[in-house]
1. Have a look at 205, 183, 147, 137 and point out the one that is outside the structural domain of residue 246 (by TED's automatic domain parsing), out of contact with any helix residue (DSSP H, G or I) (no Cβ under 8 Å at 6 or more places or on another chain) and under 30 Å from residue 269 (Cβ atoms).
2. Please enumerate the residues belonging to region 71-118 that are farther than 17 Å from residue 4 by Cβ, aliphatic (A, V, I, L, M) and free of Cβ contacts under 8 Å to residues at least 60 places away in the same chain.
3. Between a first residue in region 267-284 that is touching a residue at least 24 places away in the same chain (Cβ under 8 Å) and in a helix (DSSP H, G or I) and a second residue that is of a type in the set (S, T, N, Q) and surrounded by fewer than 24 Cβ atoms within 10 Å (Cβ to Cβ), which pairs have beta carbons less than 6 Å apart while being 6 or more apart in sequence or on different chains?
4. State whether one or more residues within region 229-236 are closer than 27 Å to residue 333 by Cβ, hydrophobic (A, V, I, L, M, F, W, C) and surrounded by 14 or more Cβ atoms within 10 Å (Cβ to Cβ).
5. Which one is farthest from residue 264 (Cα to Cα), of the residues in region 292-336 that are of a type in the set (A, V, I, L, M), near the ligand (Cβ under 10 Å from one of its atoms) and surrounded by fewer than 21 Cβ atoms within 10 Å (Cβ to Cβ)?
6. Restricting to region 90-102, name every residue that is under 16 Å from residue 32 (Cα atoms) and either modelled with pLDDT under 95 or not hydroxyl-bearing (Ser, Thr, Tyr) (or both).
7. How many residues does region 217-253 hold that are small (Gly, Ala, Ser), in a loop (DSSP other than H, G, I, E, B) and farther than 29 Å from residue 182 by Cα?
8. Among the numbered conditions (1) surrounded by 21 or more Cβ atoms within 10 Å (Cβ to Cβ); (2) in contact with a strand residue (DSSP E or B) (Cβ under 8 Å, 6 or more places away or on another chain); (3) assigned to a helix (DSSP H, G or I), tell me where residue 137 comes up short.
Amino acid sequence: MVQGLVIVGAGQAAFSTASKLRSLKDDRPITIVGLEAHAPYQRPPLSKKYLLGEMSFDRLLLRPEQWYQDNNVELRHSTWVEEIDRQAKQLVLQNGSTLAYDQLVLATGATPRHLPQDIGGDLSGVFTVRNKDDADRLSAEMKPGRRLLIIGGGYIGLEAAAVARHLGLEVTLIEMAERILARVAAKETADFIRAVHTGHGVMIREGMGLLRLIGANGRVVAAELSDGSRLDIDMVIVGIGVSPNDALAARAGLSVRNGILVDTFARTSDPDIFAVGDCALQPWQGAEIRLESVQNAVDQAEAVAAILAGGNQPYQPKPWFWSDQYDLKLQIAGLNLGYDETILRPGVREGSISIWYYRNETFIAVDAINDARAYVTGKKLLEMGKTPEKAVLRDAQSDLKQLLS
Ligand code: FAD
């Protein structure tokens, strides 16, 4: 009997797998099982326009509920998958019922890291942002004049800082590393972004850790910082990264190492089980990488759909990413891992620059700030496997188009 495809998780990667299969005219039974009470939706606006109140939830939905009915995709909301029984090829759901599969796609995403309880992580007024409910709870508390502490100077923390300033909160952001964006971007990018935030009144304190949060009546009221100072606050956003949701896979005996290990076909150590999106640890230039981006969630899922439909193309990530803060638009193409040189190119407009990353004289990535031309050129160069001449990049008057010829 045909059991069809079951997808665990109902986020971006789950939707993209199902929708690609249907667009390939594959009509096998598809069931998506997800914990959240909603159809799959986009997460990026949760720390941007949705948090700001400028975008309704309807506009976040990747497709309206009707799409799933029209496309014969069964969507099971509010359902947690407890176990995978690989012998019986079935899932055990939280209510004890089972769901059989022929093939399984794990699209379980990631969970934000929380502060430990013993330093105040469980106080009320302490937030993380991963899903709609998190964003709704947070936005209800973002009132003008409130003192917000953001822990972590990565993209989510910085985007939340921009929204909070827009809404009139007083914002302090602490970063334990020596500078913001230390893990993901060059010093030049961080310097530019820091200056924009400081200009908007965010107090950024780098090289500063959190010792503990102090509560009164269960609610956070202050933070003790690593230099011994105390900061009176009304609320906290924790943006210290995410952990992949790989426990389900690990319990089923699949290979897991900070993510569900997959090959270039997104296959796990069980040939009938695939993993896609934030939860998957995939091969990358002789090493392994977990990508947390819409690009990867969509492209890896679509690659798996094509494989399920009979294709045999391996998935080659072509990473790109973006972040919006105030009217700053950062667009990134490529991955800057292991870079040993950067070239800064001033943009034609005021407030625009691009930072070009090289490793062993090979171009590997670009950060373009308010500079769509630099982003598009960098992305095309990466696709063509070409390394631009540094002198052309350094000359702000040069036409980037010449690099593509
Ligand atoms: P998810 O979207 O996390 O979906 C996984 C789903 O699986 C979740 O709903 C989870 O509840 C469910 N689940 C997990 N385990 C189970 C289980 N056992 N049973 C049932 N359900 C389960 N990316 C960008 O490229 N650009 C951006 O600007 C950007 N901004 C972001 C801002 C925020 C606030 C966040 C949170 C993310 C942002 N991202 C951004 C990252 C991007 O949204 C993710 O990479 C993408 O959503 C990953 O999709 P996914 O389907 O792999 O996982």
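1. Only one candidate passes the filter, namely 183.
2. 92
3. 279/245
4. No: region 229-236 contains no residue that is closer than 27 Å to residue 333 by Cβ, hydrophobic (A, V, I, L, M, F, W, C) and surrounded by 14 or more Cβ atoms within 10 Å (Cβ to Cβ).
5. Result: 294.
6. 90, 91, 92, 93, 94, 99, 100, 102, listed by residue number.
7. Here the count works out to 3.
8. Here residue 137 clears every test but (1).
The values are calculated or read from the model by the stated rules, or taken from the named source; none is laboratory data. Keep in mind the model is a prediction, meaning the values are calculated, not measured. We place every Cβ from the backbone using ideal geometry, glycine too, and count neighbours over all the protein chains shown.
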